[in-house]
2 protein chains.
Amino acid sequence: MNFLEKRIIKDGVIKPGNVLKVDSFLNHQMDIELIEEIAKEFKRRFGNKTVTKVMTIEASGIGIAAFVAKEFGVPMVFAKKSKSINLDGEMYVAEVESFTHKNKNQVVVSKKFLHEGEHILIIDDFLANGCALQGLISIAESAGAIVEGCGIVIEKGFQIGGRAIRNMGYHVESLAIVDSMDDVNGTINFREQEEK
Amino acid sequence: MNFLEKRIIKDGVIKPGNVLKVDSFLNHQMDIELIEEIAKEFKRRFGNKTVTKVMTIEASGIGIAAFVAKEFGVPMVFAKKSKSINLDGEMYVAEVESFTHKNKNQVVVSKKFLHEGEHILIIDDFLANGCALQGLISIAESAGAIVEGCGIVIEKGFQIGGRAIRNMGYHVESLAIVDSMDDVNGTINFREQEEK
């Protein structure tokens with residue numbers, strides 16, 4: 001098990017309905033030392049790529065993406081969730097369905113901050129059905145930017161997102177892939193990943 | 001002028017209605033080197049306080065607060081905006097009105113992550129009418145935590161928030177205080193602050 005899998009075992013809480021709560025260290029309270037370790041691991045895994053900008057989506061991706069951007073020495077941009085249809089044409093837009101909240105959001109990035117030919121590393125805390133990630137990819141490619149890879153902290157391997165996006169040819173690295181979990185016994189199985 | 005004021009002059013955009021857009025470096029795209037410099041400045045200004053946790057509110061406070069937490073070597077917790085009334089009693093709640101979006105949100109922090117006697121440094125990107133900051137203070141004090149100070153990146157000095165919260169006895173440090181701005185001429189006046 002890697003450092004993240006160990007931490008999930010130690011402090012993650014499994015709830016009914018395949019919900020994994022990691023709010024004590026990742027997406028409500030944040031253990032900054034862990035976030036830095038996560039960022040360094042993404043740098044290791046994507047270090048051979050050209051990355052000119054890190055991109056994520058509010059809210060819980062922001063802290064992680066900021067530290068990844070620091071590792072690469074590049075700016076970070078986060079897509080904003082927007083309810084308003086009153087966008088001024090200066091935004092790239094994608095529609096994203098939330099698994100947690102069962103609603104749809106428009107997510108937007110200003111055209112000022114994504115350009116043709118930029119090399120984008122997308123970072124997010126969770127990958128489940130893949131809607132958020134597909135929205136970010138769509139926004140980046142609308143701008144003519146190149147998606148160099150997608151760095152995910154925790155992937156729910158039993159949901160469709162990871163496979164779908166890998167099948168589209170994107171390089172997805174998930175630091176922990178949960179293949180199954182059991183809220184009754186509190187057990188969690190991670191997919192074996194080869195050390196790279 | 002300090003480093004932040006210079007950057008606001010250089011890259012901030014003044015819009016009608018006293019709107020200051022800093023989305024190219026602070027709250028949409030983030031210049032990580034600048035964020036680190038901001039974090040170090042907060043460490044300098046609050047370095048003589050006991051700080052056991054940094055607290056902010058999603059979304060644009062998260063990246064800044066994460067780097068401030070790194071400076072202090074403590075965890076960070078961010079309050080979440082919640083539309084649901086269906087909270088399970090395990091949350092501290094405050095109601096916050098948004099100046100930008102003209103709506104009200106409940107903001108919540110899990111009771112697991114705020115405790116009696118903790119020493120809280122609150123961080124946010126903007127202070128205008130003070131609603132968000134008052135909500136965070138209220139949440140921290142509901143938990144019996146001690147608010148050691150409030151670190152704000154940009155304060156709109158012509159709005160009521162900063163004065164109101166200082167009058168309540170809180171130690172507020174704003175790295176730039178805008179006393180007035182003019183979208184026609186593109187001029188901006190910062191309040192003189194003594195070097196500390």
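Inspect region B:99-106 for any residue being surrounded by fewer than 24 Cβ atoms within 10 Å (Cβ to Cβ), in contact with a Cys (Cβ under 8 Å, 6 or more places away or on another chain) and not basic (Lys, Arg) and give the result as yes or no. There is at least one residue in region B:99-106 that is surrounded by fewer than 24 Cβ atoms within 10 Å (Cβ to Cβ), in contact with a Cys (Cβ under 8 Å, 6 or more places away or on another chain) and not basic (Lys, Arg). In the set (1) part of a strand (DSSP E or B); (2) facing chain A (nearest Cβ under 8 Å); (3) closer than 22 Å to A:Ala39 by Cα, the condition left unmet by B:Lys80 is number (3). Might you let me know whether region A:10-24 holds any residue that is more than 25 Å from A:Val96 (Cα to Cα) and among the polar types (S, T, N, Q)? Yes, region A:10-24 has at least one match. Flag: A:Ser180 does not match the condition of being among the polar types (S, T, N, Q), at pLDDT 95 or above and under 18 Å from A:Arg44 (Cα atoms). Of the listed requirements (1) within 13 Å of chain A (Cβ to nearest Cβ); (2) closer than 24 Å to A:Asp23 by Cα; (3) touching a residue at least 24 places away in the same chain (Cβ under 8 Å), B:Glu95 misses just one: (1). The set of residues in region B:30-75 being among the hydroxyl-bearing types (Ser, Thr, Tyr) and out of contact with any His (no Cβ under 9 Å at 6 or more places or on another chain) consists of B:Thr56 alone. Where strands (runs of 3 or more DSSP E) fall wholly inside region A:98-196, the ranges with 2 or more residues that are within 14 Å of A:Met55 (Cα to Cα) and under 15 Å from the mean Cα position of the chain (by Cα) are A:119-127, A:146-156. Test B:Val68 against the stated conditions and say whether it is closer than 16 Å to B:Ser142 by Cα and touching a Lys or Arg at 6+ places or on another chain (Cβ under 8 Å). No, not satisfied.
You will find that of A:Ala69, A:Ala39, the residue that is buried (at least 21 other Cβ atoms within 10 Å of the Cβ) and in contact with an Asp or Glu (Cβ under 9 Å, 6 or more places away or on another chain) is A:Ala39 and no other. Within region A:98-137, restricting attention to residues that are of a type in the set (Lys, Arg) and touching a residue at least 12 places away in the same chain (Cβ under 8 Å), which residue is nearest to the other protein chains (Cβ to nearest Cβ)? The extreme case among them is A:Lys112. Looking across region B:2-16, the residues that are over 15 Å from B:Ile38 (Cβ atoms), surrounded by fewer than 16 Cβ atoms within 10 Å (Cβ to Cβ) and in contact (Cβ under 8 Å) with a residue 40 or more places away in the chain come down to B:Ile9, B:Lys15, B:Pro16.
The values are calculated or read from the model by the stated rules, or taken from the named source; none is laboratory data. The model shown is predicted, which means the values in this text are computed figures rather than measured ones. Positions of Cβ are generated from backbone atoms using ideal geometry, with glycine treated the same way; all protein chains shown enter the neighbour counts.
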